[in-house]
Amino acid sequence: MGSSQKMAASRQILQRTVKVAFVLVLVLTGMVLPVLDVGASASWRGEYFANMTFDGVPVIRNDAAVNFDWGLGAPAPGIGPDYFSVRWTSSQHFSAGTYTFFVTADDGVRLWINDQLVIDRWQTHVPGIHSASRYLSTGFHRLRVEYFEYTGQASIRLWWQQAATPPPADAWRGEYYNNTELNGTLALVRYDAHINFDWGHGAPAPGVNADHFSVRWTRNVHLPTSGHYTFYATVDDGVRVWVGNTLVIDRWYPQSRTTHTGTVYLAAGTYPVRVEYFEQTGTAVCIVTWAPTAPAPAPAPLEIIVDDRDPQFIWGGPASGWFGRNTGFRNHLYWTWNSRTQLTNWGKWFPYVPTPGQWEVQVYVASRYFGTKSATYRIHHAGTYHDRVVNQNIYYGQWVSLGTYYFAGGANEYVLLGDNTGEATGTRYVGFDAMKFIYRGAGPAPGPTPTPPPTPGCSITPVLGFGRVYNTHASVRNKIGCATEPEKGVWMAEEFFQGGSMYWRQDMERIYVLYRNGTWTSFPNTWTVGMPEFDPSIIAPPGYYQPIRGFGKVWREQGAVRNSLGWATTQERGFFGSVQPFTGGTMLWSNVRGVLVLYNDGRWARFE
């Protein structure tokens, strides 16, 4: 017997030994693998391929269950005992409830439920039990199993069981979605004893995203006495709290960790309470409590921190001019080189204050990468702004006050810092770290200040879809200003990604990148015919795409774009769209996405 034959024989003996031991452990522990009784009408369509990559024409047959132990034999006529793959599909009927699905396989296996990948063990391994739990509504659900066999023993088994333990009477029913809109297919249903979660950068549970997820909790709450009750919600990002039909807290927007309160009078009795929450990016926190309180409770002090990696911080300028370092507040900051007069790189911190009043603004100056002696912070608040110049070079790892100002609340209030410091270009670090906003009391609104003269009437009136958005939404009209040219049709392209989308307009050879956090940036289209359309060394995961041509060139060359967008979820498509420039931004129209409003401050909004 040759050495290769001896190695193959040894491997087969080892696999048989492991398999026998695996079955013995199951028997000794009382964990018997059930045989799924799918019934005659619930057969599986099996597609058997003579390779491990699902290529070519398969052998097709109907299997009563996914429950096979082929040993060293072949699974079907025309298919060898090694190097084969199988895809099973079936539509199974379930009663409403939470089900745990189990698979054991030698070698690789994947399981999809309603086209969502829930078990992924796509590698060679000896048999082991893998499981995933999902809530399924009453009705038929699509199941898909993919399996490959490398060499040696071949086996696979799938089964499931329904959870039978009733939830506690005072538990919250939590419905978890893998989007921020609380719609579509449920990713998870479970019962939570309390809404007291600080997930950090992690996911709430297996199968739920770490970012871009939402939760709806419901339960009945008994209040023993009549009186005023205050509800508290500490969140990062958005939250809404209903008691009965009364919306007590409504803070449905991205934000750093902030505590909100709402007080309502309630007679003694039992009330349905509903909490809705969404997480965009970064850290995820949701803590909800309540307590009886006096009719007019004093407002609790509020503090908002916007860090350099929070969604409320945006930056602009060439990505190649930005540098991240693991130091500073929460062990991260950004810095760039200064310029003398030309504004090239800039950052904005948006607090979205929940309470109008006097807010002290503080900036965190780290001990490194803060070197300019004239960092000009412009504080936009309540329709006006103030500039404060800080010598970043004299502070070391501390908060520095920029003053106290009246903030009215809303998306037009922020702190801006640019790289144009007046010093010789490229001689100073300009650091960007955290910004803190501290509520100092209601206080008076600012007194009368000189206001600019009203904008003269616009000479060009937007029409059709642009006109509908412009005339219906005063916030858009006030922010984007007057149209500078009439609307025109142009050839465009668009592509959607995990973290946003890309748009190209032919007339300007410009590519716009729209991120899911509500910010955007743009780049010139430098791809030309004859250049490589894609990078063959970059392999997208199954179900995703590497962008090509101009989109692909920006995606590959701009690291910040690639990290924020992730993989493409669709292929690029061309269409005939519309564009119109304004003094404060640009409007684009897509026959799929509707009207997109791109403001000059780096924010964008969508209207159907």
**Asked** Of the residues in the stretch 467-500, how many are in a helix (DSSP H, G or I) and surrounded by fewer than 20 Cβ atoms within 10 Å (Cβ to Cβ)?
**Response** 9
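Do the conditions hold for T336, that is, is it modelled with pLDDT under 95, over 22 Å from G282 (Cα atoms) and β-branched (V, I, T)?
Values: modelled with pLDDT under 95: no; over 22 Å from G282 (Cα atoms): yes; β-branched (V, I, T): yes.
Judged against the criteria, T336 is not a match.
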**Fill in**
Per the filter on the stretch 181-216, residues in a strand (DSSP E or B), free of Cβ contacts under 8 Å to residues at least 60 places away in the same chain and closer than 20 Å to P254 by Cα are none
**Item:** Sole exception among (1) surrounded by fewer than 19 Cβ atoms within 10 Å (Cβ to Cβ); (2) in a loop (DSSP other than H, G, I, E, B); (3) touching a residue at least 60 places away in the same chain (Cβ under 8 Å) for P127, by number
**Value:** (1)
**Item:** Residues located in the stretch 548-576, provided they are in contact with a Pro (Cβ under 7 Å, 6 or more places away or on another chain), at pLDDT 90 or above and of a type in the set (D, E)
**Value:** none
**Prompt:** What number goes with the only condition from (1) in contact (Cβ under 8 Å) with a residue 24 or more places away in the chain; (2) out of contact with any Ser or Thr (no Cβ under 8 Å at 6 or more places or on another chain); (3) within 23 Å of L302 (Cβ to Cβ) that Q362 does not pass?
**Reply:** (2)
**Request:** Might you let me know whether the stretch 151-173 holds any residue that is assigned to a strand (DSSP E or B), open to solvent by 30 Å² or more (accessible area, probe 1.4 Å) and acidic (D, E)?
**Result:** no
**Item:** Residue selected from the stretch 424-466 under the condition over 30 Å from D310 (Cα atoms) and surrounded by 15 or more Cβ atoms within 10 Å (Cβ to Cβ), by the criterion modelled with the lowest pLDDT
**Value:** G465
**Prompt:** Among the residues of the stretch 509-531, which ones are at positive phi and open to solvent by 70 Å² or more (accessible area, probe 1.4 Å)?
**Reply:** E509, G530
**Request:** Look at F231 and say whether it is in contact (Cβ under 8 Å) with a residue 12 or more places away in the chain, surrounded by 14 or more Cβ atoms within 10 Å (Cβ to Cβ), in contact with a Ser or Thr (Cβ under 9 Å, 6 or more places away or on another chain) and assigned to a strand (DSSP E or B).
**Result:** yes
**Request:** May I ask you to verify whether T246 is over 25 Å from the mean Cα position of the chain (by Cα), surrounded by fewer than 17 Cβ atoms within 10 Å (Cβ to Cβ) and either closer than 17 Å to I195 by Cβ or not small (G, A, S) (or both)?
**Result:** yes
**Fill in**
Given the conditions (1) in a loop (DSSP other than H, G, I, E, B); (2) of a type outside the set (K, R); (3) surrounded by fewer than 17 Cβ atoms within 10 Å (Cβ to Cβ), every one holds for Y265 apart from (1)
**Prompt:** How about the stretch 176-198: which of its residues are within 24 Å of T259 (Cβ to Cβ) and open to solvent by less than 40 Å² (accessible area, probe 1.4 Å)?
**Reply:** Y176, T180, L182, D192, I195, F197
**Asked** For the stretch 55-85, how many residues meet the condition of being farther than 17 Å from I156 by Cα and in a loop (DSSP other than H, G, I, E, B)?
**Response** 6
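Taking into account only those residues within the stretch 217-228 that are part of a strand (DSSP E or B) and of a type in the set (S, T, N, Q), which is surrounded by the most Cβ atoms within 10 Å (Cβ to Cβ)?
So, considering only residues that are part of a strand (DSSP E or B) and of a type in the set (S, T, N, Q), the one surrounded by the most Cβ atoms within 10 Å (Cβ to Cβ) is T218.
Tell me yes or no: at least one residue of the stretch 501-508 is within 18 Å of N600 (Cβ to Cβ), open to solvent by less than 50 Å² (accessible area, probe 1.4 Å) and assigned to a loop (DSSP other than H, G, I, E, B).
Checked the stretch 501-508: no residue is within 18 Å of N600 (Cβ to Cβ), open to solvent by less than 50 Å² (accessible area, probe 1.4 Å) and assigned to a loop (DSSP other than H, G, I, E, B).
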**Fill in**
Considering the stretch 467-482, residues that are modelled with pLDDT under 90 and small (G, A, S), and then whichever is nearest to the chain's Cα centre (by Cα), we arrive at S475
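The values are calculated or read from the model by the stated rules, or taken from the named source; none is laboratory data. Remember, predicted model here, so these are calculated numbers, not experimental data. Here Cβ is always computed from backbone atoms with ideal geometry, including for glycine, and neighbour counts include all displayed protein chains. Surface areas here come from the heavy atoms of the whole protein model, side chains and all, with no ligands, DNA or RNA. Shrake-Rupley method; radii C 1.70, N 1.55, O 1.52, S 1.80 Å.
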